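**Student:** Below you'll find the structure I mean.
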Amino acid sequence: AALYFANILPPVPLSLSKIGVYHSVRRESGRFALGMTRSGWKFWQKGDQDFLARPGDRIHCYVRVFSPTRFRERLQLRWLHLDSRAGWQEADSIPLEITGGRAEGWRGFTAKARYQPGDWQVRVETSDGRELGRLVSLVDPGERACELRQSTPFAGVLGARERWALWREVAERSDADS
């Protein structure tokens with residue numbers, strides 16, 4: 001009880017059940033489609049924690065929060081950037097209104113268009129500043145990121161040889177059908 005009144009623990013009915021950073025988030029038939037370039041072998045990561053950025057990319061943070069029926073709260077998603085001298089510095093605070101009632105929890109996301117390379121942290125907090133959870137991510141706009149993020153559905157999933165083999169196979173089938 002003392003931890004709750006000291007503003008260390010969040011209100012009991014709220015719990016963060018999922019958080020992740022993604023290249024895209026969109027609604028499809030009442031569900032969320034989460035787009036990422038992460039390789040499957042990095043199963044422990046939450047979305048694109050190693051965010052391979054191209055010019056114009058937006059960083060999306062998707063959250064799922066459990067809350068009881070008819071419970072209302074205004075969460076804050078605080079985006080912080082790691083400065084080598086000053087430590088974690090707040091860059092943005094984006095509000096998300098939640099209403100409970102779904103067995104799977106409430107879902108929502110924010111998108112950030114202005115960012116710089118380096119370490120980022122997203123903190124999910126209640127309206128009175130109690131933290132529900134956080135996620136650390138690395139934004140990499142380097143050459144390797146651009147190479148991996150070419151216009152291909154296989155970016156970051158298949159190696160170069162596997163991608164070229166698939167492209168050749170598709171081209172051969174297309175030529176055979178012509």
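**Student:** Between residue 17 and residue 92, what FRET efficiency comes out of the Förster formula 1/(1 + (r/R0)^6) with R0 = 30 Å and r the beta carbon distance, rounded to 0.05?
**Tutor:** The formula returns an efficiency of 0.80 here.
**Student:** Here's a follow-up. With labels modelled as points extended 7 Å from the Cα through the Cβ direction, what inter-label distance (nm, one decimal) is found for residue 84 paired with residue 31?
**Tutor:** Once both label points are built, they end up 4.5 nm from each other.
**Student:** Still on this structure: Give a quick list of GluC sites (Glu not before Pro) in region 66-123 that DSSP marks as loop, anything other than H, G, I, E or B, with at most 15 other Cβ atoms within 10 Å. Don't skip to the end; give the middle numbers.
**Tutor:** Numbers: sites: 73, 90, 97, 104; in loops: 104.
Those satisfying the criteria are 104.
**Student:** Now for a separate question. Rolling a 1.4 angstrom probe over the protein chains, ignoring ligands and nucleic acids, what is the accessible area of residue 115 in square angstrom, nearest 10?
**Tutor:** Accessible area of residue 115: about 60 Å².
**Student:** Suppose R0 equals 35 Å; then what is the FRET efficiency for residue 131 and residue 111 from their Cβ-Cβ distance, rounded to the nearest 0.05? Present the calculation step by step, with values, prior to reporting the outcome.
**Tutor:** Numbers: r = 21 Å, r/R0 = 0.61.
Approximately 0.95, to the nearest 0.05.
The values are calculated or read from the model by the stated rules, or taken from the named source; none is laboratory data. Please read all numbers here as calculations on a predicted model, not as lab measurements. FYI the Cβ positions are ideal-geometry reconstructions off the backbone, even for glycines, and counts take in every protein chain you see. The accessibility values were calculated without ligands, DNA or RNA, using every heavy atom of the protein model including side chains. Shrake-Rupley method; radii C 1.70, N 1.55, O 1.52, S 1.80 Å.
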